[in-house]
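The values are calculated or read from the model by the stated rules, or taken from the named source; none is laboratory data. The model shown is predicted, which means the values in this text are computed figures rather than measured ones. Note that we place each Cβ from the backbone using ideal geometry, even for glycine, and neighbour counts take in every protein chain shown.
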Amino acid sequence: MYLSEINIYPIKSLAGISLYDSTVKQRGLQFDRRWMLINEKNEFLTQREFPLMATVNVTIRAESLIVSYAGSEKQIAFQPQREETVSVKIWSSKCRAKVYENETNEWFSNILQTNCRLVLMPSETRRKVNYFYAVHRDDHVSFADGYPFLLIGENSLNDLNSKLENPVPMNRFRPNFVVKDSDAFAEDTWKKIKIGNTLFHIVKPCGRCIITTIEQRTGVSDGKEPLKTLATYRIPKKSVKKKILFGQNLIAENAGGILRIGDKVEVIEKKNQPKF
């Protein structure tokens with residue numbers, strides 16, 4: 001088994017970037033979801049409410065992000081000019097974030113046709129992961145939904161696509177890591193793995209939402225798929241909240257390692273496979 005994709009999503013819910021290599025940080029891959037758009041109540045915005053976000057492209061240059069949409073382009077420094085911070089809300093958690101200047105905020109507001117602001121998670125911010133799934137006392141995460149890393153096996157998607165009339169691409173599920181040559185849903189049974197020289201703990205399966213129904217190239221929903229099909233065989237029998245599971249959330253044992261496409265993926269420890 002080996003790593004076939006490495007992806008980051010610098011601004012939460014905007015288009016992702018595929019990489020050849022990336023550095024593992026405690027809160028996620030370098031640059032992954034360190035920025036986020038918020039509404040007037042300081043709550044996070046995602047494709048769930050604004051599917052058009054999928055079509056706003058992001059690239060990384062020396063000390064800035066370049067965002068583009070329909071011929072319009074904006075350069076955004078890694079750090080906002082002002083030191084203002086606000087408390088932002090992502091699901092049930094809150095943390096401090098730095099706010100960008102009005103010119104940047106207006107660019108995004110005009111595209112999404114809603115008042116919004118861009119914020120940065122500063123290095124000193126600690127947004128803790130759910131304590132029930134934490135591996136270390138200080139485990140924290142970026143602006144990702146809940147955990148630092150998301151992994152999916154290629155053959156898990158192939159299994160799903162074999163059941164769909166219209167196959168869907170991997171980018172619908174927005175993983176950080178894609179593994180080639182593992183059995184379909186083998187990741188459900190992994191407890192600890194090694195990618196390259198970095199150890200990861202598999203802490204929680206990922207419950208999927210309507211973002212998986214949005215075509216990432218167009219920002220348009222395809223309807224009920226692939227959730228409708230996933231619901232026929234990817235809800236555990238003992239699930240209380242009836243979450244549709246696809247992919248696994250990870251926490252790194254140590255930060256600092258560099259991962260590359262082609263790195264070997266080794267299973268160090270297994271767990272019992274959930275019953276579907």
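Remarks
- Residues of the stretch 220-239 classified as surrounded by fewer than 16 Cβ atoms within 10 Å (Cβ to Cβ), among the hydrophobic types (A, V, I, L, M, F, W, C) and in a helix (DSSP H, G or I), total: 0
Listed here are the residues, each with its yes/no results for (1) in contact with a strand residue (DSSP E or B) (Cβ under 6 Å, 6 or more places away or on another chain); (2) under 18 Å from LEU3 (Cβ atoms); (3) in the same structural domain as ARG260 (by TED's automatic domain parsing); (4) surrounded by fewer than 23 Cβ atoms within 10 Å (Cβ to Cβ).
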site: ASP145; (1), (2), (3), (4): no, no, yes, yes
site: ASP159; (1), (2), (3), (4): no, no, yes, yes
site: THR189; (1), (2), (3), (4): yes, no, yes, yes
site: LYS192; (1), (2), (3), (4): yes, yes, yes, yes
site: VAL203; (1), (2), (3), (4): yes, no, yes, yes
site: ARG208; (1), (2), (3), (4): yes, no, yes, yes
site: ILE211; (1), (2), (3), (4): no, no, yes, yes
site: GLN216; (1), (2), (3), (4): no, no, yes, yes
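- Looking only at residues of the stretch 38-50 that are of a type outside the set (Val, Ile, Thr) and touching a strand residue (DSSP E or B) at 6+ places or on another chain (Cβ under 6 Å), we find that the one that is surrounded by the fewest Cβ atoms within 10 Å (Cβ to Cβ) is GLU43.
- Residue count for the stretch 18-51 satisfying the condition of being out of contact with any helix residue (DSSP H, G or I) (no Cβ under 8 Å at 6 or more places or on another chain) and assigned to a strand (DSSP E or B): 14.
- Positions within the stretch 2-29 being touching a Ser or Thr at 6+ places or on another chain (Cβ under 9 Å), surrounded by fewer than 22 Cβ atoms within 10 Å (Cβ to Cβ) and either among the charged types (D, E, K, R) or not assigned by TED's automatic domain parsing to the domain that holds ILE261 (or both), in sequence order: GLU5, LYS25
- Entirely in the stretch 156-219, the strands (runs of 3 or more DSSP E) that have 1 or more residues that are in contact with a Gly (Cβ under 8 Å, 6 or more places away or on another chain): 177-180, 198-207
- Number of the condition not met by ALA54 [criteria: (1) out of contact with any Phe, Trp or Tyr (no Cβ under 9 Å at 6 or more places or on another chain); (2) of a type in the set (A, V, I, L, M, F, W, C); (3) surrounded by fewer than 20 Cβ atoms within 10 Å (Cβ to Cβ); (4) not in a strand (DSSP E or B)]: (3)
- Extreme residue, surrounded by the most Cβ atoms within 10 Å (Cβ to Cβ), among residues of the stretch 57-69 that are within 15 Å of LEU112 (Cα to Cα) and in contact (Cβ under 8 Å) with a residue 40 or more places away in the chain: VAL67
- Residue check, GLN113 more than 23 Å from the chain's Cα centre (by Cα), loosely packed, with under 12 Cβ neighbours inside 10 Å and within 19 Å of GLU40 (Cα to Cα): yes
- Of the criteria (1) outside the structural domain of PRO10 (by TED's automatic domain parsing); (2) surrounded by fewer than 17 Cβ atoms within 10 Å (Cβ to Cβ); (3) under 24 Å from GLY16 (Cα atoms), which one TRP107 fails: (2)
- Filter result for LEU230 (within 18 Å of the chain's Cα centre (by Cα) and at pLDDT 95 or above): no
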